[in-house]
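Working notes for the structure below.
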Amino acid sequence: MKLLRQLTGIAMACTFLSGSVAAQEMTFFRIGTGGAGGTYFPIGGIIANAISNPPGSRACDKGGNCGVPGLVAMAQSTNASAHNVNAIQAGQMEAGLSGAATLHYAYNGVGKYEGNAKPDLRIIANLYPEDLHLVLPKGKTLSGLSALKGKRVGIAQAGSGTQIAVELIIADHDVNRDNIDEAELGNNQSAERLADGQLDAYFYAAGTPVAAMIQLDSTKGMELYSFTEAEVKQANKSVPYYIPSSIPKGTYAGVNYDVNTVAVSGIFVTNANQDEELIYQITKAMWSKTARKLLDNGHAKGKVITVETALDGVAGIGVPLHAGAERFYREMGLID
């Protein structure tokens with residue numbers, strides 16, 4: 001609610017412009033995120049707040065937000081990665097969050113993007129690891145990924161990066177849409193249906209802890225499937241940008257065991273045609289002192305979003321940095 005109030009305040013600042021403020025140039029910057037029950041939406045909202053400095057706002061050196069003067073950034077809820085890269089390429093959004101795998105496939109026109117490459121995608125920063133959760137009802141177990149056959153399984157929303165990866169991962173275990181009752185749902189809907197007994201399991205990749213799963217865990221309870229070493233190895237082979245990871249016990253109060261899984265990096269993405277100076281200023285604002293406070297206090301995953309890790313894994317994705325972001329990182333000494 002606090003985040004929503006902050007974003008609402010930005011909108012109100014834009015609406016009630018005085019004559020002198022109206023003369024100041026204003027730039028709108030839309031950031032595609034994900035569903036409200038995941039991690040992209042709150043993280044996108046924090047980033048939007050950090051880089052914004054609407055007309056009439058107090059200047060950074062006078063105790064105000066250290067965002068880009070005149071910039072009004074807005075986090076928009078979407079179907080996540082795949083939707084965001086499509087919208088950014090098409091110029092329907094100025095930026096967005098995407099998993100590294102989806103970003104790689106889209107930019108290079110491979111996998112589900114074969115013949116439909118998105119060559120204008122550019123990276124602003126690596127953000128944080130997104131762990132793949134396979135959620136089960138409380139007290140239920142799964143003998144292996146192949147045991148999903150014949151079950152009602154949530155495979156994330158249509159067009160999402162999670163869904164693309166999940167279909168590749170389960171296919172290695174002879175599980176596909178022909179032998180499961182699949183549900184294309186966001187995280188909130190999946191959690192609700194699992195709680196109501198309408199799903200036997202569901203997948204979702206997001207930075208931990210995930211809001212919808214916290215609620216599920218505290219009400220109906222849940223279990224998380226722990227991948228075997230062989231399953232982790234095979235998932236990494238099929239989806240190279242999903243790397244071995246773990247969800248420590250206690251991340252969710254009712255899950256008192258460590259969970260083996262795979263994770264993909266969440267990436268802040270824009271379009272190559274965005275103005276170099278604007279993206280330079282946005283990148284600079286992301287790592288300001290006020291942005292640091294917002295990230296540290298806004299979400300558990302915000303603490304791991306740092307300028308020191310902003311380029312981690314970026315070279316391996318095969319997608320260029322935006323020229324404005326690259327200029328900032330060179331000035332910081334993070335690029336030779």
Query raised in the report: trypsin sites (Lys or Arg not before Pro) within segment 187-283: which are DSSP loop residues with at most 14 other Cβ atoms inside 10 Å?
Result: Lys249
Query raised in the report: Per the 1.4 Å probe, what fraction of the accessible area of segment 244-305, in percent, lies on carbon and sulfur atoms?
Result: 48
Report task. Taking the Cβ of Lys237 as the centre, find all other residues whose Cβ is under 14 Å away and add up their charges (Lys, Arg: +1; Asp, Glu: -1). Result -> -2
Report task. First obtain the Kirkwood hydrodynamic radius of segment 62-104 from its Cα pairs, then insert it into the Stokes-Einstein equation at 4 °C and 1.567 mPa s, and state the resulting D in µm² per second as a whole number. Result -> 107
Requested in this report: Please give the per residue accessible area of segment 155-236, computed with a probe of 1.4 Å over protein heavy atoms only, in Å².
Outcome: 41
Query - Degrees between helix 40-51 axis and first principal axis of the chain (Cα, 0 to 90, nearest 10) - result: 10
**Report entry** Using alpha-carbon coordinates, inclination of helix 289-298 to the longest axis of the chain, degrees
**Finding:** 30
Query raised in the report: Once the principal axes of the Cα atoms of segment 169-248 are found, what is the range along each, listed largest first in whole angstroms?
Result: 36, 33, 18
Requested in this report: Mind telling me which of Pro129, Pro42, Pro55 comes out most flexible in a GNM of the chain, alpha-carbon contacts under 10 Å?
Outcome: Pro55
Requested in this report: Taking the chain as the reference, fit the longest principal axis to its C-alpha atoms, fit the long axis of helix 276-286 to the helix C-alpha atoms, and give the angle between the two in degrees, 0 to 90, nearest 10.
Outcome: 70
**Report entry** Debye log10 I(q)/I(0) at q = 0.09, 0.17, 0.22 Å⁻¹ for segment 191-320, Cα point scatterers
**Finding:** -0.37, -1.09, -1.35
**Report entry** Mean projected area in nm² (Cα convex hull; one quarter of hull surface) for the chain
**Finding:** 17.1
Report summary line: Residue separation between Leu334 and Lys151 times 0.36 nm, minus their alpha-carbon distance, gives in nm 61.1 nm
Report summary line: One quarter of the C-alpha convex hull surface, i.e. the mean projected area of segment 21-108 in nm², amounts to 6.6
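The values are calculated or read from the model by the stated rules, or taken from the named source; none is laboratory data. None of the values given here were measured: they were computed from a predicted structure. Using ideal geometry, Cβ is built from the backbone for each residue, glycine included, and neighbour counts are taken over all protein chains shown. All accessible areas refer to the heavy atoms of the entire protein, side chains included, with ligands and DNA or RNA removed. Shrake-Rupley method; radii C 1.70, N 1.55, O 1.52, S 1.80 Å.
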